[in-house]
Amino acid sequence: MVGRVVTLDARIHAVVGAFELDMQLAVAAGELVAVLGPNGAGKTSLLRALAGLLSLSAGRVTLDGVVLEDPAEGIRVPTERRPVGLVFQDYLLFPHLSVLENVAFGLRARGMARSAAIDEARRWLERVGLAAEGDRKPPSLSGGQAQRVALARVLALNPALLLLDEPMAALDASTRVEFRRDLRHHLESFRGVRLLVTHDPVEAMAMADRLVVIEQGRVLQSGTPADVTQHPRSRYVADLVGVNLFRGRASQNVITLANGGSLTAAGAGDGDVFAVVHPRTVALYRTRPDGTPRNVWEGRAVDLDFEGDRVRVRVSGLPSIVAEVTPAAVRELGLDRGDQVWVAVKATEVNVYPA
């Protein structure tokens with residue numbers, strides 16, 4: 001594929017039982033896109049649809065200028081004829097074949113002579129650092145080694161579209177860091193379209209050029225990691241990056257919140273908006289604070305989560321909010337679950353953008 005400019009343009013409508021996948025996705029040449037979303041959002045269904053394992057009820061999938069599927073036109077290229085490589089979350093290595101034979105399997109299935117397929121498989125095992133493991137069987141491998149074999153088996157086929165379904169989900173923390181570095185290296189040299197599905201925001205932001213956030217089978221937000229994290233548009237994304245997200249209607253710098261309460265924000269403007277408040281900018285008091293903070297309200301501390309040198313305090317009220325304070329501040333306040341507290345947020349600490 002050297003010199004080729006490969007792009008993906010997909011409009012997908014598919015139904016799996018009561019679940020409906022309805023979304024549009026475009027990936028430019030050289031772009032690595034990470035698809036994020038909660039469990040049941042449709043991430044794996046998206047990959048299955050692109051690979052041809054899930055039929056479309058409507059839409060169109062075009063890869064490298066070739067239509068792979070278009071129900072309206074009666075076009076559906078079968079899975080085995082699509083130039084698509086899919087690395088499954090559970091690897092799906094053949095336990096009775098050696099590592100070398102596993103990597104050679106796809107090449108043999110596409111008609112390559114056994115000797116040539118074995119030689120190519122050896123080259124790929126060397127590239128992923130497993131040259132000495134060719135005679136072993138998959139059950140004897142570590143999780144990281146098995147993942148490398150699965151990746152080599154797919155990359156050996158030189159696909160135009162590489163789909164990675166939670167490639168590090170089964171790895172332990174130390175192995176995951178090492179494999180992420182190696183995977184990024186291999187993906188940088190891959191010339192086709194790259195699509196990574198993950199639930200791990202650290203993994204996505206460390207590797208991807210663009211994030212696509214899906215929920216309930218639909219694209220909710222798409223953009224660079226910086227844009228998505230700075231301007232979350234859903235509770236899921238806000239929770240991923242650890243900020244408070246509110247939605248409401250602004251008028252003369254006062255935002256009337258959809259779930260009750262209000263916030264004053266500098267330069268909020270008018271119309272439907274999102275408002276983000278970082279937990280570290282939320283101040284807590286046992287009595288109503290003196291001075292002139294623009295946002296002050298009473299609430300109840302419902303949970304205290306100790307995370308290293310910070311404590312995340314969930315406060316119910318109008319609105320409910322999460323504050324992040326030091327353990328020393330918790331001690332000074334004498335704060336415990338169920339206590340009444342006063343919340344204060346400066347108007348200049350409320351980040352507002354159009355909904």
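The values are calculated or read from the model by the stated rules, or taken from the named source; none is laboratory data. The model shown is predicted, which means the values in this text are computed figures rather than measured ones. Neighbour counts run over all protein chains shown; Cβ positions are idealised from the backbone, glycine included.
Criterion first (surrounded by 20 or more Cβ atoms within 10 Å (Cβ to Cβ) and of a type outside the set (Phe, Trp, Tyr)) does residue 15 satisfy it? Spell out the reasoning first.
Details: surrounded by 20 or more Cβ atoms within 10 Å (Cβ to Cβ): no; of a type outside the set (Phe, Trp, Tyr): yes.
Against the criterion (surrounded by 20 or more Cβ atoms within 10 Å (Cβ to Cβ) and of a type outside the set (Phe, Trp, Tyr)), residue 15 does not qualify.
Can you give me the number of residues within segment 322-350 that are of a type in the set (Lys, Arg) and either in contact (Cβ under 8 Å) with a residue 60 or more places away in the chain or outside the structural domain of residue 287 (by TED's automatic domain parsing) (or both)? Explain how you work it out, then say what you get.
Here is the first cut: in segment 322-350, the ones of a type in the set (Lys, Arg) are 331, 337, 346.
Filter once more, keeping what is either in contact (Cβ under 8 Å) with a residue 60 or more places away in the chain or outside the structural domain of residue 287 (by TED's automatic domain parsing) (or both): 346.
Count: 1.
Could you pull out the residue among 25, 36, 21, 46 that is under 20 Å from residue 221 (Cβ atoms), assigned by TED's automatic domain parsing to the domain that holds residue 69, crowded, with 17+ Cβ neighbours inside 10 Å and in contact with a Phe, Trp or Tyr (Cβ under 9 Å, 6 or more places away or on another chain)?
Of 25, 36, 21, 46, the one residue that is under 20 Å from residue 221 (Cβ atoms), assigned by TED's automatic domain parsing to the domain that holds residue 69, crowded, with 17+ Cβ neighbours inside 10 Å and in contact with a Phe, Trp or Tyr (Cβ under 9 Å, 6 or more places away or on another chain) is 36.
Just for segment 232-261: of the residues that are among the small types (Gly, Ala, Ser) and free of Cβ contacts under 8 Å to residues at least 24 places away in the same chain, which one is surrounded by the most Cβ atoms within 10 Å (Cβ to Cβ)? Break it down stepwise before answering.
Step one: of segment 232-261, the residues among the small types (Gly, Ala, Ser) are 234, 238, 242, 248, 250-251, 258, 260-261.
Subset that is free of Cβ contacts under 8 Å to residues at least 24 places away in the same chain: 234, 251, 258.
Details: 234: 17, 251: 12, 258: 13.
Looking at residues that are among the small types (Gly, Ala, Ser) and free of Cβ contacts under 8 Å to residues at least 24 places away in the same chain, I get 234.
Would you call residue 330 surrounded by fewer than 17 Cβ atoms within 10 Å (Cβ to Cβ) and of a type in the set (Val, Ile, Thr)?
On the way: surrounded by fewer than 17 Cβ atoms within 10 Å (Cβ to Cβ): no; of a type in the set (Val, Ile, Thr): yes.
Considered against the rule, which asks whether it is surrounded by fewer than 17 Cβ atoms within 10 Å (Cβ to Cβ) and of a type in the set (Val, Ile, Thr), residue 330 comes out as no.
Can you tell me which residues in segment 195-235 are of a type in the set (S, T, N, Q) and either in a helix (DSSP H, G or I) or under 22 Å from residue 246 (Cβ atoms) (or both)?
Keep residues of segment 195-235 that are of a type in the set (S, T, N, Q), which gives 198, 216, 221-222, 224, 229-230, 234.
Hits for segment 195-235 are 216, 221, 222, 229, 230, 234.
Would you please name the residue that is surrounded by the fewest Cβ atoms within 10 Å (Cβ to Cβ), looking only at residues in segment 137-149 that are assigned to a helix (DSSP H, G or I) and at pLDDT 90 or above? Step through it out loud before you land on a result.
Applying the first criterion (assigned to a helix (DSSP H, G or I)) to segment 137-149 yields 138-140, 143-149.
With at pLDDT 90 or above added as a condition, the list becomes 138-140, 149.
Numbers: 138: 19, 139: 9, 140: 11, 149: 26.
By that ranking, first place goes to 139.
Considering only segment 119-136, state which residues are under 16 Å from residue 185 (Cβ atoms) and assigned to a loop (DSSP other than H, G, I, E, B).
Residues satisfying the conditions are 128, 129, 130.
Quick check, is residue 85 in a strand (DSSP E or B), buried (at least 21 other Cβ atoms within 10 Å of the Cβ) and touching a Pro at 6+ places or on another chain (Cβ under 8 Å)? Don't jump to the end; show me each part of the working.
Numbers: in a strand (DSSP E or B): yes; buried (at least 21 other Cβ atoms within 10 Å of the Cβ): yes; touching a Pro at 6+ places or on another chain (Cβ under 8 Å): yes.
Spelling it out, residue 85 is indeed in a strand (DSSP E or B), buried (at least 21 other Cβ atoms within 10 Å of the Cβ) and touching a Pro at 6+ places or on another chain (Cβ under 8 Å).
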